[in-house]
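Here the structure is laid out as structure tokens; the discussion comes afterwards.
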Amino acid sequence: MTEPSAPGSSPTTDDALPESVAAVIGVPQYEGDAGFDAEMGYVWTSLASVENGNPLFWDADVAEALAGGPIAPPSMLSVWFRPHHWAPGATDNLVPLQVHFDLKEAFGLPEAVMTDNTITFGVPVRPGDRIRSRQVLRSVSPPKTTKLGAGRFWVIDVEYLNQRDELVGVETYTGFGYRRDGSS
Amino acid sequence: MSTTAPAPTLTLDRVHVGDVLPELAVDVTATTVVLGALATRDWRPMHHDYKFATERNGTRDIFLNTPNQAAWFERYLTDWTGPHGRLGTVTFRMKDSVFPGDTMVFRGEVTAVATDALGCGWVGVEVMLTVAGEDGADRIMTTGSARIAVPVDADDNPWARGPDTWKPGDWKA
């Protein structure tokens, strides 16, 4: 990938940014939920994918004793906001982390990778919870060139709340959008 | 919480700065990558479509996605702490991608042990994911750090903490 000289998480006011991008820095966008409730079937699929045998998530008695009932692993936070790949009536494939894709389009950068990820966990997610999220663009770097190509880094926070307005967590992503031919 | 809680696997008094966590080695297959992507509802083609990954992204194969790496790190940490361990924060930086055919190895070392003002016991751990390079030497794929709560004694349970007593970091909301 790259040697990510990523920007910090403080808002950027780079004059070179398009007005449409600068205007949304620090502004919550795309608040909504993915249209489904947290459920244990997906929890177990996730646990299986990493062979995680933690009894807190598999043993109902342990879950009751420690957490007052079943909960999802904290690291599944982003699972609960990712939309279905297809839904009735949708004309395009739905994509999560829409701000990331907005930036690719705004800068004309066809490729992108995520380089850094920080997650802070709040109250646990329980089956039946409906998690809603909102995305906040924190910063966009000046043009950078890495071994992947020429492009820009950006930092996006995704904040998650449950139906009781309790903060479930915050994910901070650093992405690098780039063009492989080297032109930004 | 009506059921009797199991005894903690690890309590704070048994953790010290410099402690090394047991290694975890995992052979990565295409199934590892695809199952991890689908389990995290990540439908992007570079995590399941070889041609897309190699021809569009310029990588040598499909590769592990970010949320699945988070799940691997959680599993690694709670294998060590036991079910009482409760993640507060995880930060990681991916330096390169993990592909089918790699054997990824997770390592960790305790860097901090503390009790916060609310009585919650915290352990800071530096974590690393490596794979063997062509020359046999370890190549660092991902580095990071985690802050995980563990019981301060046999009667403590970090999962019993509600929003008023669970403060793993400064919220941005």
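Across the stretch B:150-158, rounded Karplus estimates of 3J(HN,Hα) from the backbone phi angles (6.51 cos²θ - 1.76 cosθ + 1.60, θ = phi - 60°) give 10, x, 6, 7, 5, 9, 8, 8, x Hz, Gly and Pro being marked x. Each helix, a run of at least 4 DSSP H residues, gives -39500 (n - 2.57); summed and divided by the residues of chain B, these come to -5000 deg cm²/dmol at 222 nm.
Specify the angular offset, from 0 to 90 degrees and rounded to the nearest 10, of the alpha carbon long axis of helix B:30-39 from the longest principal axis of the alpha carbons in chain B. The answer is roughly 50 degrees. In chain B, the longest principal axis of the Cα atoms and the axis of helix B:66-81 are about 40 degrees apart.
Each of A:Tyr178, B:Tyr50, A:Tyr173 has some number of other Cβ atoms within 10 Å of its Cβ, and from fewest to most they run B:Tyr50, A:Tyr173, A:Tyr178. Remark: mean inter-chain Cβ contacts per residue of B:61-71 equal 5, using a 10 Å Cβ-Cβ cutoff to other protein chain atoms.
When you restrict to C-alpha pairs under 8 Å that are six or more residues apart and normalise by the size of chain A, the relative contact order lands at 29 percent. Across chain B, C-alpha contacts under 8 Å between residues 6 or more apart give a mean separation that, scaled by the residue count, equals a relative contact order of 27 percent. Plainly put, the stretch B:89-165 has a radius of gyration that is 1.14 times its Kirkwood radius, both from alpha-carbon atoms, as the Rg/Rh ratio. Cβ-to-Cβ counts within 10 Å put A:Leu77, A:Leu97 in ascending order as A:Leu97, A:Leu77, the fewest first.
Every number here is computed from the coordinates shown, using simple stated rules; none is lab data. Predicted model, so just to flag it, every value in this text is computed and none were measured. A quick note on method: Cβ atoms are made from the backbone with ideal geometry, for glycine too, and the neighbour counts reach across all protein chains shown.
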